[in-house]
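One structure is given here, and the rest of the page talks about it.
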Amino acid sequence: MNRTIKIASLIAAATLAAGPVRAADQGAGMPGEWLTQYASARTLGLGNAYVATANDPFGILWNPAGLSGMEQNELHFETARLFDDTAIHGLGFAVPGSWLPSFGLTILTLRSGEFEKTNELNDALGTFSEGETAYLFTVSRAFSPRLAVGANLKVIQQTVEEFSAGGFGADLGATYEVIPGLKIGASIANLGGPNLKLRDTEEPWPTAIRGGAALQVLGGRGLIALQVDQSDGLGARFHGGGEYKIQNAFALRAGFDQTRATGGLSYQFAPQYTIDYGVADHPLGMTHRLGMSWKFGGFFASSSADPQVFSPTGEHAVTRISLNSRTKSEPESWTVEILSKSDEVVRRFGGKGQPPSHLQWDGKDETGLPLPDGVYRFNLVVRDQSARVLESHTRTIEISTTGPQGTVPVVETP
């Protein structure tokens with residue numbers, strides 16, 4: 001077989017799968033780079049600066065300790081179709097823990113397109129493809145609300161033509177909240193392997209070290225992240241990015257990966273479902289990522305009103321606001337704030353411990369005066385004894401005392 005064509009093809013497949021990496025970078029196409037440099041949709045939008053956040057099932061690729069920062073169980077799917085028919089797909093599932101550790105399972109597959117196979121005389125001998133699969137089992141433990149550590153055990157399988165190889169490796173990571181809103185993180189990937197041997201030569205995956213910080217700004221609606229990586233072959237790489245929630249359901253991202261621009265967005269089209277999109281510049285063109293997640297159970301706060309439209313002077317004189325929450329440690333306090341269109345708090349409820357199953361609102365403000373007709377917003381905030389805060393999705397209530405408006409047609413009879 002023409003070894004030059006084969007090696008070049010495999011390097012191309014691994015480099016393209018890794019994301020916005022320079023094709024001319026020294027060490028591009030290093031063993032395992034497709035996984036070490038893999039970018040999910042959200043991470044790509046942040047410029048791959050994710051080691052201090054990493055709070056989703058795919059975050060374990062940057063820092064396995066990030067699972068302890070999750071609140072709800074999450075099932076996450078990612079897909080990307082790259083250049084030359086190379087495709088990468090991933091599925092991750094994670095369960096956050098309280099007195100038990102957090103657990104996760106992530107599966108990633110890389111499949112190249114068909115490459116031409118020739119002999120020494122350049123005669124065509126058909127085609128071949130390259131495929132790799134990674135299984136990562138994650139455990140993370142929060143020793144306090146500020147400090148968490150985690151580890152990945154990964155199983156790698158690689159196939160090229162009729163040759164195949166497998167190996168094991170491990171990753172370690174930690175996160176620490178320096179002050180409220182500022183978190184630092186560090187991780188070491190590929191400890192003790194994997195070492196894959198397709199034919200005669202064993203190829204060890206190089207160790208990669210990451211460190212960075214993430215700062216929440218603008219009352220938690222914004223995030224700024226910075227990160228530096230160091231690995232054999234690629235050397236030091238710098239990453240940075242930002243995220244801003246324009247609305248509770250919509251966020252924009254922008255970042256840089258070394259010298260490449262990245263961006264993305266997310267849209268939460270239901271309380272449980274979110275779509276993420278990431279895009280990055282690349283020497284061969286733009287690369288794209290698409291992800292979808294489903295969150296359920298776990299630790300949460302929820303609230304809803306019934307009826308959503310009521311009239312203090314009509315048949316439905318009050319609305320019933322249902323409350324529910326599950327915290328990682330014992331609940332300390334809870335609050336429900338009702339806000340006007342101008343973001344003014346017109347009514348506040350609260351207390352110690354677990355919130356009640358429901359409360360009633362009669363459409364009056366703190367002084368007992370009736371409020372004007374209009375749409376109001378509310379949500380539930382629960383704080384536990386470890387200073388963790390859970391916040392429900394914002395809901396709306398409408399006060400309407402005038403009733404439905406319209407005209408009644410008059411039909412004349414002969």
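The values are calculated or read from the model by the stated rules, or taken from the named source; none is laboratory data. The structure presented is a predicted model; accordingly, all values stated were derived computationally and were not measured. Backbone-built Cβ (ideal geometry, glycine too); neighbour counts: all protein chains shown.
Table for the structure above
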quantity: Single condition ALA251 does not satisfy, out of (1) touching an Asp or Glu at 6+ places or on another chain (Cβ under 7 Å); (2) without any contact (Cβ under 8 Å) to a residue 24 or more places away in the chain; (3) assigned to a loop (DSSP other than H, G, I, E, B); calculated: (3)
quantity: Tally of residues being touching a residue at least 12 places away in the same chain (Cβ under 8 Å) and either out of contact with any strand residue (DSSP E or B) (no Cβ under 7 Å at 6 or more places or on another chain) or of a type in the set (Val, Ile, Thr) (or both) across the range 146-177; calculated: 7
quantity: Strands (runs of 3 or more DSSP E) wholly inside the range 328-396 that include at least 2 residues being modelled with pLDDT of 90 or more; calculated: 331-339, 345-352, 358-361, 374-384
quantity: Restricting the range 282-321 to residues that are over 30 Å from ALA87 (Cα atoms) and without any contact (Cβ under 8 Å) to a residue 12 or more places away in the chain, the residue that is surrounded by the most Cβ atoms within 10 Å (Cβ to Cβ); calculated: HIS316
quantity: Residues being part of a strand (DSSP E or B) and out of contact with any helix residue (DSSP H, G or I) (no Cβ under 7 Å at 6 or more places or on another chain) - total across the range 37-79; calculated: 6
quantity: Selection count where residues are touching a residue at least 60 places away in the same chain (Cβ under 8 Å), more than 24 Å from LEU226 (Cβ to Cβ) and crowded, with 18+ Cβ neighbours inside 10 Å, scope the range 254-276; calculated: 0
quantity: Some residue of the range 203-223 being farther than 19 Å from GLY291 by Cβ, within 21 Å of the chain's Cα centre (by Cα) and of a type in the set (Asp, Glu); calculated: no
quantity: Residue among LEU75, LEU61 that is among the aliphatic types (A, V, I, L, M) and closer than 23 Å to ILE209 by Cβ; calculated: LEU61
quantity: Residue that is surrounded by the most Cβ atoms within 10 Å (Cβ to Cβ) [pool: residues in the range 183-210 that are without any contact (Cβ under 8 Å) to a residue 12 or more places away in the chain and part of a loop (DSSP other than H, G, I, E, B)]; calculated: THR201
quantity: Filter result (part of a strand (DSSP E or B) and surrounded by fewer than 18 Cβ atoms within 10 Å (Cβ to Cβ)) within the range 227-238; calculated: VAL228, GLN230, GLY235, ALA236, PHE238
quantity: Selection count where residues are under 19 Å from the mean Cα position of the chain (by Cα), assigned to a strand (DSSP E or B) and of a type in the set (Gly, Ala, Ser), scope the range 160-182; calculated: 2
quantity: Residue match in the range 83-96 (condition: without any contact (Cβ under 8 Å) to a residue 60 or more places away in the chain and more than 26 Å from GLY193 (Cα to Cα)); calculated: yes
quantity: Selection status of ASP200, within 22 Å of PHE93 (Cα to Cα) and assigned by TED's automatic domain parsing to the domain that holds TRP34; calculated: no
quantity: Residues that are closer than 19 Å to MET30 by Cα, touching a residue at least 24 places away in the same chain (Cβ under 8 Å) and not charged (D, E, K, R), drawn from the range 211-235; calculated: SER231, GLY233, LEU234, GLY235
quantity: Unmet requirement for LEU226, which otherwise passes all of (1) touching a helix residue (DSSP H, G or I) at 6+ places or on another chain (Cβ under 9 Å); (2) at pLDDT 95 or above; (3) of a type outside the set (Gly, Ala, Ser); calculated: (1)
quantity: Boolean, GLY285 is in contact with a strand residue (DSSP E or B) (Cβ under 6 Å, 6 or more places away or on another chain), under 30 Å from PHE77 (Cα atoms) and not in a strand (DSSP E or B); calculated: no
quantity: Boolean, LEU218 is modelled with pLDDT under 95, out of contact with any Lys or Arg (no Cβ under 8 Å at 6 or more places or on another chain) and on the phi > 0 side of the Ramachandran plot; calculated: yes
quantity: Positions within the range 82-112 being in a loop (DSSP other than H, G, I, E, B) and in contact with a Pro (Cβ under 9 Å, 6 or more places away or on another chain), in sequence order; calculated: none
